[in-house]
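Step one of this worksheet: look at the structure below.
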């Protein structure tokens, strides 16, 4: 497909060039090309349009219609060379250099930036229109930095304030901080070259060293502040420069820019200017007024941020309360830094100290965020541990200076908050491992004082006296018929309540209806409250933001209308309805209760159900601790697995007759997770943390079996503290779930690059990350056709065949992919291949509202079956809180290291409400010479071992440092597959009661799990058997030698292996 290009002042119009047609074609009506649904032959153009959408998700800078694409100049300049070429745009600037210098001084009438072009050392003139330079046939496209520089120069030439000029000058200068970004095509001269600018994008409070009531605005260059890092690491100024700024700002108030040294300027972003001015105004008041501001600065600043967002339209009345609260919290954390100096002066209920307890922060595989693209992740992982501190310092200094990248021996590292935070987390893990005895203290906020049980038994909850004579019948208000396992759960909860147990944990596997089980108990308590047998007390539900609306929907669905009363939404704007008349912010900032607890607890006859978030719980813990709750429910309680966080401290302050924790993954990462969870529900039940860790930190089968027994078996005649059932046991009526492997031998290019990476050596994490990416694809987006693209990767090839089979059965699939860049291009590839209107993606970029919209749209297939469909998801963002039973296939195109996370993903569709057998597809990339020594097989072996242990006893799912080292050693030392010692297809089934095997021919066998589900056909014959492609039939055909007459029309995916080395571990269903 070719394009025609027309350029105007707004941008470019790219239209599909008409194909040459014969004279008969004139009698046929032609239809314009639909650029939003290109055929698979046009992969490069389709992926270029994907990049347009990624760069401009709002659609402000581009529009797509049939046969035509309109792109504005800023977006044209931002496209990479490959995407631009695919859309028929001219090549990047080459052979001509951009030069610029400052004209006059800031604030003068003739202030400006003059610029020109040079070629071979001489000034040249070329026509310029937006992002295009020159004229056909020598038309060129400007890179983003030069295009933006020219645009800024034009803005500066317009009449404007000094503030405008300074902001534009700062933006201009920062464009050229990294010569790499412009490939030496641009240079600056004179003062413009010599100045250095740093932008204040966040503000905190700094204090006078001698007078604790004297303060000033403390500027930060960071866009984010995290509780895990010292905020001073991203301070914009220090030393003499900070003193210069402090004197100037207290004298002059907020200004557009401040000169802090010769040639160095601090520019104040408009979003932070009101905060700077607010701090200055209070800093110049009398001492008692200054003290009052110190105590209430958090509230005053938060209100200023909210007012600013309302003024500029970022908060509107059309937003849902959830989205509004999310936006406000995000912006406040961006522009307001709660410095340790400020927090330490706040007078409140008690100082919260975040204790760094050895090992609390998790393992070495958790520092890498999902949002990093694969190549950058490889680069960061290759930095030696010993150099991390230096690299982090260089990145922070570069961010302060406004640079966009730093150069290391291993390559160029971009300067961004995500990169700095990831490396800082990895550095913290390394330092803790090197010197675990040195704790650090970070004062952050004020919360109720509670007992911790970290080193001594400060507090042990007692068994309560309760009325054991209450009837145990399920209340009539439960309108949904409880399934047998849910009836047992209700009985267990009622028994625990009667026996006076302070708190219980429902750790049923995902999909067994824990929400309904919990609502049944709340309905039982409410019924006895209404009868007068129990005093009226409110119920509290604490849940992640993504599950708030789900709780309301479940109440409406399962309980008699109005039985629990209208749920009280205690989050976002809904909070205002219950604020005290004299309220002035949040409890955590003011140190005093801001919620009218009496009015809250008196609603619905004294027993309302209150739904809130973990963050709101932390923000208003001082208020909520004064309520005597009838029951407090903590949904996805693994959010409290780190006992040193603010939300954990706040949760411990809640007083309830019964605390209920809900989670499908009670031991997501490490053994200490379960201690933290149980100490929330039943303080002291598992003893002191220090002693617990001495026994269980290094898990053994005997030790973990003993822990399992202590939790999940009744003690001294009382019911168990926790409940854990798998779907295979608890819900036998639920359709089967089977895990099917699709081993594919790597194409030659993929195997070659795999070998190169394996023998290249380097840091362990870097090698593993690089090999992991190569096992997915040897090189993403390298201009292949869609067929070349698929066939150059064993996993991609398998996934496409799996989807073809699913489409033939008119069923639906969820595809889980870790990295967001891969999510985007794969979604477009399968849209084109299968002619889908659109393939939606759920990842960390989605808001609560958009997640719900996408989920609802996909689930509509249950009401109106539209046939084949695919949803692409990130394993972390979509692993919990979603019901997607419209799909009955799951494909793990890239696998998370943690099998518990993978199971959570599977349970999005394998849960109550599913009516079809669920098939989980695992594509495996097999190196032809290494066989089971390939990375995918070694990772599968580790995950299978951990999954099997977790099913029998509690077992941490996250890979330990030792396991990661073992995986690395196995990958780099793998040897060529030995000569086949194949004992035959049927020898492995002896004693395997879980498997049904059917002999198709002497050398061919069909295998399925005894529980049912899809089957696997395995053959060592050179002829293909008759396959069953129907629903719940054969999911894969695996040949252990070449098949001569593979039927072209067969739709069942085919894995052709050159040896029997993978038999049976990576072939049989699980």
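The values are calculated or read from the model by the stated rules, or taken from the named source; none is laboratory data. As the structure is a prediction and not an experimental result, all values here were calculated from the model. Reconstructed Cβ throughout: ideal geometry from the backbone, glycine too, with neighbour counts over all protein chains shown.
Quick check on the range 31-53: of everything there that is more than 21 Å from residue 6 (Cβ to Cβ) and in a loop (DSSP other than H, G, I, E, B), which residue is farthest from the chain's Cα centre (by Cα)?
31
Would you confirm whether any residue within the range 1050-1065 is free of Cβ contacts under 8 Å to residues at least 24 places away in the same chain, outside any strand (DSSP E or B) and under 27 Å from residue 810 (Cα atoms)?
no
Could you say which residue among 591, 605 is outside the structural domain of residue 903 (by TED's automatic domain parsing) and either within 18 Å of residue 545 (Cβ to Cβ) or modelled with pLDDT of 85 or more (or both)?
605
The rows are residues; the columns are (1) modelled with pLDDT of 95 or more; (2) under 19 Å from residue 1068 (Cβ atoms); (3) part of a loop (DSSP other than H, G, I, E, B); (4) assigned by TED's automatic domain parsing to the domain that holds residue 1040.
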{"residue": "920", "(1), (2), (3), (4)": "yes, yes, no, no"}
{"residue": "924", "(1), (2), (3), (4)": "yes, yes, no, no"}
{"residue": "932", "(1), (2), (3), (4)": "no, yes, no, no"}
{"residue": "936", "(1), (2), (3), (4)": "no, yes, no, no"}
{"residue": "939", "(1), (2), (3), (4)": "no, yes, no, no"}
{"residue": "944", "(1), (2), (3), (4)": "no, yes, no, no"}
{"residue": "950", "(1), (2), (3), (4)": "no, no, no, no"}
{"residue": "954", "(1), (2), (3), (4)": "no, no, yes, no"}
{"residue": "958", "(1), (2), (3), (4)": "no, no, yes, no"}
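Which condition breaks for residue 137 when tested against (1) surrounded by fewer than 11 Cβ atoms within 10 Å (Cβ to Cβ); (2) in contact with a strand residue (DSSP E or B) (Cβ under 6 Å, 6 or more places away or on another chain); (3) part of a loop (DSSP other than H, G, I, E, B)?
(2)
Checking the structure you have, find out if any residue of the range 428-445 is outside the structural domain of residue 724 (by TED's automatic domain parsing), modelled with pLDDT of 75 or more and either surrounded by 17 or more Cβ atoms within 10 Å (Cβ to Cβ) or in contact with a strand residue (DSSP E or B) (Cβ under 9 Å, 6 or more places away or on another chain) (or both).
no
Just checking, how many residues over the range 577-608 are over 23 Å from residue 539 (Cα atoms), in a loop (DSSP other than H, G, I, E, B) and in contact with a helix residue (DSSP H, G or I) (Cβ under 9 Å, 6 or more places away or on another chain)?
Residues flagged as over 23 Å from residue 539 (Cα atoms), in a loop (DSSP other than H, G, I, E, B) and in contact with a helix residue (DSSP H, G or I) (Cβ under 9 Å, 6 or more places away or on another chain) within the range 577-608 amount to 4.
Of 549, 512, 516, which residue is part of a loop (DSSP other than H, G, I, E, B), in contact (Cβ under 8 Å) with a residue 40 or more places away in the chain, in contact with a helix residue (DSSP H, G or I) (Cβ under 7 Å, 6 or more places away or on another chain) and within 30 Å of residue 724 (Cβ to Cβ)?
Step by step, each of 549, 512, 516 is checked, and only 512 is part of a loop (DSSP other than H, G, I, E, B), in contact (Cβ under 8 Å) with a residue 40 or more places away in the chain, in contact with a helix residue (DSSP H, G or I) (Cβ under 7 Å, 6 or more places away or on another chain) and within 30 Å of residue 724 (Cβ to Cβ).
How many residues, within the range 100-127, are in a strand (DSSP E or B) and surrounded by fewer than 15 Cβ atoms within 10 Å (Cβ to Cβ)?
7
Would you say residue 694 is surrounded by fewer than 21 Cβ atoms within 10 Å (Cβ to Cβ), at negative phi, modelled with pLDDT of 80 or more and assigned to a loop (DSSP other than H, G, I, E, B)?
No: the conditions fail for residue 694.
Does residue 74 qualify as being farther than 21 Å from residue 137 by Cα, touching a residue at least 40 places away in the same chain (Cβ under 8 Å) and not assigned by TED's automatic domain parsing to the domain that holds residue 156?
Yes, satisfied.
It is to be established whether one or more residues within the range 273-296 are buried (at least 16 other Cβ atoms within 10 Å of the Cβ), closer than 26 Å to residue 617 by Cβ, modelled with pLDDT of 80 or more and over 27 Å from the mean Cα position of the chain (by Cα).
Yes; the residues of the range 273-296 include at least one that is buried (at least 16 other Cβ atoms within 10 Å of the Cβ), closer than 26 Å to residue 617 by Cβ, modelled with pLDDT of 80 or more and over 27 Å from the mean Cα position of the chain (by Cα).
Of all residues in the range 233-259, count the ones that are surrounded by 17 or more Cβ atoms within 10 Å (Cβ to Cβ) and modelled with pLDDT of 85 or more.
Within the range 233-259, residues that are surrounded by 17 or more Cβ atoms within 10 Å (Cβ to Cβ) and modelled with pLDDT of 85 or more number 7.
Tell me whether the range 466-473 contains one or more residues that are outside the structural domain of residue 718 (by TED's automatic domain parsing) and either buried (at least 17 other Cβ atoms within 10 Å of the Cβ) or closer than 18 Å to residue 655 by Cα (or both).
Yes, the range 466-473 has at least one match.
For the range 54-68, state whether one or more residues are modelled with pLDDT of 85 or more, more than 34 Å from the chain's Cα centre (by Cα) and either more than 15 Å from residue 132 (Cα to Cα) or crowded, with 19+ Cβ neighbours inside 10 Å (or both).
The answer is yes; a qualifying residue exists.
Do the conditions hold for residue 264, that is, is it under 17 Å from residue 242 (Cα atoms) and surrounded by fewer than 18 Cβ atoms within 10 Å (Cβ to Cβ)?
Yes: the conditions hold for residue 264.
Report, ordered by the first and then the second residue, all pairs with beta carbons closer than 9 Å, sequence separation of six or more or different chains, a first member in the range 707-719 that is at positive phi, and a second member that is assigned to a loop (DSSP other than H, G, I, E, B).
Correct list of pairs: 717/499.
Go through the range 838-863 and give me each residue that's closer than 16 Å to residue 811 by Cα and assigned to a loop (DSSP other than H, G, I, E, B).
Hits for the range 838-863 are 839, 863.
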